[in-house]
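Beneath this line is the structure, given in C-alpha cells, with notes to follow.
The values are calculated or read from the model by the stated rules, or taken from the named source; none is laboratory data. Note that the structure is a prediction, hence the values are computed from the model and not measured. Every residue, glycine as well, gets a Cβ built from its backbone with ideal geometry; the counts of neighbours run over all protein chains shown.
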Amino acid sequence: MNSQFSHLVWLGAGTASEPANLLNIAEHVTLIEAREAAYQYLKKKNTQTNVDIKQQLVCVTSNSALFTEYNLAEYSAVNPATGLKTLFPGLRKVGAEQLTSVAITDTIAELSLSGSDNALVIDIPDTNLALLQAIQQSRQISLFKNIYIHTALEPLYKGSSISTDVIAFMKSCGYDLLQKNDQDPELPWLTFFANPLWVTLQKTRDSLAAEQQAKAELGEELAKSNLVMNTLQQTNASLKQELEKAKQDLTALQHAKQAISKELENTKQDSADQLQSKETLNKELEKTKQDLTAQQEAKEALNKELEKTKKDLNAQQETKEVLNKELEKTKKDLTAQQETKEALNKELEKTKQALTTQLEAKEALNKKLEENQKSDHEHTKQLIKAQADLEQVSKHATNRADKIVQLEKANRRLQETSEQLEKRQQVLQQELLKAQAQIDIIKELLLHR
C-alpha cells in the first residue's frame, strides 16, 4: 500500500465513503462519529487493524449538547437547521438526544500525532469553521498537511459558515485550495494543502519574533548593565573620597599615638608608686568586704527573726480579733439575758404578789369554809370549785418558781464565761505588748548596724 499520510483523522465519518479512497492511502486511520447507527456500521465495515473507530460528539468545547437527528441522517447536527430545510424541503426531525460533547483539541491531543504528514477530514457542516478556528488557536492545525472540508454555498444551520468563509480562513492559515469537488454544487467538498512556503515563512516569522524578543531582552540587560556601571562609578568616586579622608585620619592618629607614647612613659614612672598604694588599698578592701559580709549575714539572720516575729504577731492579732468578736457577742448575749432576767424578775414579783393575794384569798376561803361547813349542798359545790382553782394557781406558781431558778443558774454561767473571756483578753494584750517590744528592739539593732 502506497501511504500518503501517516495518520488520517475523520470527524463526522458517517459511512466514510466521501472523499473516496482516503482510507487506503493512510498508515493509520481514526474514524469518529456521534450517531450510534453510523458508529455500528463503521465497526462492521472497517475491520482492518490500522483503523480505530470512536463514538464521540466533537464540538469546539466540552459540554452537554442537544444532538438532533433528521430523516437525512448525515445532516444530523447540534445547531438548528435553517437553509438546510430550503435545500431539502422534505427534511424532518426524527429524534433528539442530550450528549456530552468532547472538545476537538482534546480529541486530537489524545491521538498523540507527530510531524505534519497527517490528514484531517471534517464532515460537520454546522460547526466546520469553528472547529478549524479552535485547532488553529491551539496550533494543532500544523499537524495536518491535507485538510478536507464539507461546506455549503449558503448557511445550512444557525450560525454556520459558507464555502467562501472557509477558503478565506484557510488561506490566512497558509493552506491553498487544492481541489473543489462540485459533484453536489450546493454542498462542495474543499481540499486544502499546506503551502510549504507558508510553513517556511511562518518559521521565519517565528525566528524573527524570537530574535526581536532576544534583542529586546539584550537591550534590557544592556540598560541594566549601564545602570550598574553608573552605580559602580559613583561608588568608586565615593570610595576614593573616603580613602583620602582615611589617609588624613591615619596621619592624625599617628600624631596622637606619638603624644600618647610620651604620656605613657610619664605614666609608667608614676605607676610603681600607684601599684604599691593599690596593693594596700586592695588589702583594706578585702578586709572591708569580709566585715561587710559578716554584717550582711547578721542582718539576714535578724531579718529572718523579724519576719518570724511579724508572722507570730499577725497570728496573735488575728486571734485577738477573733476573741474580741467572741467577747462582743458574749456581751450582747449577756445583755440580752440580763434584760430577760429583769423581765423575769418583774414577772416573778408580779407572780409573788398574785400568789400572796391568792394565799390571802385561800385563807379567807378556808375561814369562810369553816363558817359554812354546815351550809347547804350548793355551798359545798362552790367550795370544791374554789379548792380546784386554788390548786391550779399553786401549780402555776411552782412552775414559775422553777423557771426563775433555771434563769438564775444560766445567769451565773454567763457571768463566769464573761470573766474568763476578759482574763484571756488581758493575757493576749500582754503578749501583744511583749511582741511589739521585741520588734522595736530588732529595729533598733538593725538601725545601729
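Hand me the list of strands (runs of 3 or more DSSP E) wholly inside region 66-150 holding 2 or more residues that are within 22 Å of ASP165 (Cα to Cα).
118-122, 144-150
Output the residue which, of all residues in region 344-374 that are surrounded by fewer than 11 Cβ atoms within 10 Å (Cβ to Cβ) and either closer than 30 Å to GLU419 by Cβ or touching a Cys at 6+ places or on another chain (Cβ under 9 Å) (or both), is modelled with the lowest pLDDT.
Ranking the candidates gives GLU349 first.
Going by the structure shown, is ASP182 in the same structural domain as LEU129 (by TED's automatic domain parsing), in contact with a Pro (Cβ under 6 Å, 6 or more places away or on another chain) and either modelled with pLDDT under 85 or of a type in the set (D, E, K, R) (or both)?
Criteria met by ASP182.
Looking at this structure, is THR340 surrounded by 11 or more Cβ atoms within 10 Å (Cβ to Cβ) and more than 58 Å from the chain's Cα centre (by Cα)?
yes
For region 1-58, name all the residues that are part of a strand (DSSP E or B) and over 60 Å from the mean Cα position of the chain (by Cα).
PHE5, ALA26, GLU27
From LYS320, LYS325, LYS289, LYS283, which residue is assigned by TED's automatic domain parsing to the domain that holds SER418, in a helix (DSSP H, G or I) and farther than 24 Å from ASP440 by Cα?
Selected residue: LYS325, the only one of LYS320, LYS325, LYS289, LYS283 that is assigned by TED's automatic domain parsing to the domain that holds SER418, in a helix (DSSP H, G or I) and farther than 24 Å from ASP440 by Cα.
Among the candidates GLU211, GLU244, GLU265, GLU220, single out the residue that is exposed (fewer than 10 other Cβ atoms within 10 Å of the Cβ) and in a helix (DSSP H, G or I).
Being exposed (fewer than 10 other Cβ atoms within 10 Å of the Cβ) and in a helix (DSSP H, G or I) holds for just one of GLU211, GLU244, GLU265, GLU220, which is GLU265.
So if I check each of LEU177, LEU190, LEU153, which one is within 18 Å of ALA130 (Cα to Cα), surrounded by fewer than 17 Cβ atoms within 10 Å (Cβ to Cβ), over 60 Å from the mean Cα position of the chain (by Cα) and assigned by TED's automatic domain parsing to the domain that holds SER116? Outline the logic, then answer.
Details: LEU177 fails: within 18 Å of ALA130 (Cα to Cα); LEU190 fails: surrounded by fewer than 17 Cβ atoms within 10 Å (Cβ to Cβ).
One residue alone meets the criteria, LEU153.
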